[in-house]
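Participant: First the structure, then my questions, so here it is.
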Amino acid sequence: MNDPAARRNPRRFAYWLLAIPIVATLWPPLYAHADPEIAGIPFFYWYQFIWVVLSSVVTVTVYLLTREDKT
Amino acid sequence: MILWTAVAVFLALFILVSVMGFMATRWRPSNLDDIHEWALAGRGFGTFTSWFLIGGDIYTAYTFIAVPALVYGAGALGFFALPYTTIVYPIVFVFAPRFWLVAKHRGYITYADFARERFDSRSLAFAVAFTGILATMPYIALQLVGMQVVIAGLGFTGQGLLGDLPVIVAFAILAIYTYRGGLRAPAMVAFVKDALIYITIIGASIVLVSKLGGFAHIFQTASAVLAQRPKPGTIILPPQSFTAYATLSLGSGLALFMYPHAITGVLSAKNTTVIKRNMALIPAYSVLLGLNALFGFMAIAAGVHAASPNAAVPLLFVKMFPQWFVGMSFAAIAIGALVPAAIMSIAAANLFTRSIYKEYIKPACSGPEETRVARYVSLAVKAGALLFVLLLPTQFAIYFQLLAGAWILQTLPTILIGLYTRRLHRRALFVGWLAGMITATWMGIVTGYTPTITLHLGGFSLAGYIGLFALTLNLIVTIVGTFICDGLGVGRGQDATSPTDYLDDTGVASRTVVRKLSVT
């Protein structure tokens, strides 16, 4: 078991999911506009707030998928 | 005019955390003369404590003052703090557990320790330690600035030594209990700090939105006022600011966990599961930071006219809230300065002790002596930051901190890439670092200490964060340098880490750990 390759997590691909929140928030053309508003809050603001939460959801998902031992 | 009720609440909370700070030595009692105990609390913190500690460590008092100040002054661009603190956790989720493992197996307490062994290079370790200390000093100084702002907000506006006395006393108390208890002290104080921050920001947001006539009115007023400013701002990011916004977010996100204090918090976790869970849980603080950023617009909507943008939020609170709430929220900010300041001084002390004192001054120093030196240095670092703030104009600390983010980013190739591969040559990494440091400093100076610069290449122009431009050059130099060094046959040194150092303990031990954790 000392060979790193032998211990590769079979669900390593799940780590790529972490790129989603990064792309979604680092591409301002996606969200730099006022409409649609929610309760008077421009899209620019609520979109970025929602991504804080979604990013956390993605991280939890990756955490659960890549856990080596599920008991 | 001094707000006495607010002062009373403020003092009561401050005394409470000071007592807690002193009691921290009795928390999970252990031998505090061991540097792993003093500096990293024995790497024993669980998910709950780490959440408060890391959150309290990176969402600093200055953040809570400066982010709304930027929004108050510049509008939408100031909101980059939100994508910045959104992207950082997925990134840290990937690399921090790996660093924690190698640090645990090899006994590292800093990034510089890792650079030393991984690349067999004293100079690279020195570069990482030097950059870390250099970048941390102004950051500590800014925590003091945050404290000064709220103390002035309470009505203490005395001049000279008398005006500075509250900050000096607060910092002296902090210095003593950090000297004694090490990382346990800020961890203990962090519970109170973060509880206060959550109550203050959520409470204030609800009250302010209803008092100021709803979000629609707040945004409309802010938009109208920003458009009238000498340097007009907008509430929606204009296309010409897209690259600045994105590169500031990305660069700041990459820089954050290169800071010594951020990794100190991570290394105090008791296992990698704690780190991974927290990368999903700490974003709760980012929601707070976003709400807090909107206080900048609320200050505009409330008709606050701040001489310096940093005073916008304190003035807003004094104007809109009863004194007891003002006292509580200002205490939240002041205590919020103590936690990161303590961790930063511990982290800087560790860097100095391990990579400068032990490396160049006294290689044969014993374990207890190592801890003693780190303790004294933690005091010296705080005293230095205090002098920095008291003797130099505030603007100086702000300029310095702006460069600090760009500087610390230059250690990324050694640490982050080095964590995965040794393909980059140690000498090339050093030269790349130097090129990045010089470029970042030069760009900072020519732009008059603004974080972004516009580069013109032929007919094409690109505005972006100076730290990221400097990092790009750093990487190019490092890669080209690697080919040159290898071509000339320059020695690569021995890697003291082995591939298994980066892995979880295999077999039965690891399974038991996982099972125990899933029960709790």
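Each reported figure results from applying straightforward, stated rules to the coordinates on display, with no laboratory input. Being a predicted model, the structure only gives us computed values, none of them experimental. As a convention, Cβ positions derive from the backbone with ideal geometry for all residues, glycine included, and neighbour counts pool all protein chains shown.
Participant: Ranked highest first by the average count of other Cβ atoms within 10 Å around their residues, in what order do B:463-471, A:28-36 fall?
Facilitator: Peptide ranking by packing, descending: B:463-471, A:28-36.
Participant: In what sequence do A:38, B:408 fall when counting other Cβ within 10 Å, fewest first?
Facilitator: A:38, B:408
Participant: Once the Cβ-Cβ distance between residue B:34 and residue B:364 is put in as r, and R0 is 22 Å, what FRET efficiency do you end up with, to the nearest 0.05?
Facilitator: Step by step, r from the Cβ atoms, then E = 0.80.
Participant: Still on this structure, please answer the following. Nearest-5 percent of antiparallel DSSP beta bridges in chain B?
Facilitator: Values: 6 of 8 bridges.
In chain B, approximately 75 percent of DSSP beta bridges are antiparallel ones.
Participant: Can you compute 3J(HN,Hα) from phi for each residue in segment B:407-412, using the Karplus curve 6.51 cos²θ - 1.76 cosθ + 1.60 with θ = phi - 60°, rounded to whole Hz and x for Gly and Pro?
Facilitator: Per residue, the Karplus-derived 3J(HN,Hα) values read 5, 5, 4, 6, 8, 4 Hz.
Participant: Something else: Among the lysines, which have Cα under 20 Å from the Cα of residue B:231 when same-chain residues fewer than 8 positions away are ignored?
Facilitator: none
Participant: Partner chain Cβ atoms within 10 Å, averaged over the residues of A:36-45 - can you pull that number for me?
Facilitator: Values: counts 0, 3, 1, 4, 9, 7, 7, 1, 7, 11.
Taking all residues of A:36-45 together, the mean is 5.
Participant: Next question. Compute the length gained on full extension between residue B:395 and residue B:454: take 0.36 nm times their separation in residues and subtract their Cα-Cα distance, giving the result in nm to one decimal. Please list the in-between numbers first.
Facilitator: On the way: separation 59, 0.36 × 59 = 21.24 nm, distance 2.29 nm.
Stretched out fully, the residue B:395 to residue B:454 stretch lengthens by 18.9 nm.
Participant: Hey, rough spin-label estimate for residue B:498 and residue B:225, points 7 angstrom out along Cα→Cβ, what's it come to in nanometres?
Facilitator: 6.4
Participant: Hey, what do the phi angles of segment B:34-43 turn into as Karplus ³J(HN,Hα) couplings, whole Hz, using 6.51/-1.76/1.60 and θ = phi - 60°, x for Gly and Pro?
Facilitator: So the J values, rounded to whole Hz, are 8, 5, 5, 7, 5, 8, 10, 6, x, 6.
Participant: If you plug each phi of segment B:72-79 into the Karplus form 6.51 cos²θ - 1.76 cosθ + 1.60 with θ = phi - 60°, what whole-Hz ³J(HN,Hα) values come out, in order, with x for Gly and Pro?
Facilitator: 4, x, 10, x, 3, 4, x, 6
Participant: Quick check: residue separation of residue A:50 and residue A:65 times 0.36 nm, minus the Cα distance between them. What number comes out in nm?
Facilitator: Values: separation 15, 0.36 × 15 = 5.40 nm, distance 2.26 nm.
Additional length available on full extension: 3.1 nm.
Participant: Specify the angular offset, from 0 to 90 degrees and rounded to the nearest 10, of the alpha carbon long axis of helix B:367-391 from the longest principal axis of the alpha carbons in chain B.
Facilitator: Here the helix axis deviates by roughly 30 degrees.
Participant: Can I ask one more? If one takes the longest principal axis of the Cα atoms in chain B, at what angle in degrees, from 0 to 90 and to the nearest 10, does the Cα axis of helix B:184-211 lie?
Facilitator: 40
Participant: Same structure again: For residue B:463, what residues show an amide H to amide H distance below 5 Å, using hydrogens built from the backbone and excluding near sequence neighbours?
Facilitator: B:455
Participant: While we're looking at this one, here's another question. If each DSSP helix of 4+ residues adds -39,500 (n - 2.57) and the sum is divided by the residues in chain B, what number results at 222 nm, nearest 500 deg cm²/dmol?
Facilitator: Counting only the DSSP helices, I get -24000 deg cm²/dmol.
Participant: What ranking of B:305, B:105 emerges when the number of other C-beta atoms within 10 Å of each C-beta is taken as an exposure proxy, fewest first?
Facilitator: In order of increasing Cβ crowding within 10 Å: B:305, B:105.
Participant: Turning to a different aspect of this structure: Tilt of helix B:242-256 relative to the longest C-alpha principal axis of chain B, in degrees (0 to 90, nearest 10)?
Facilitator: 60
Participant: Pairs of alpha-carbon atoms within less than 8 angstrom and 6+ residues apart define the contacts here; what relative contact order does chain B have, in percent? Before the final figure, lay out each step's value.
Facilitator: Values: 798 pairs, mean separation 157.8, N = 520.
With pairs under 8 Å counted, the relative contact order is 30 percent.
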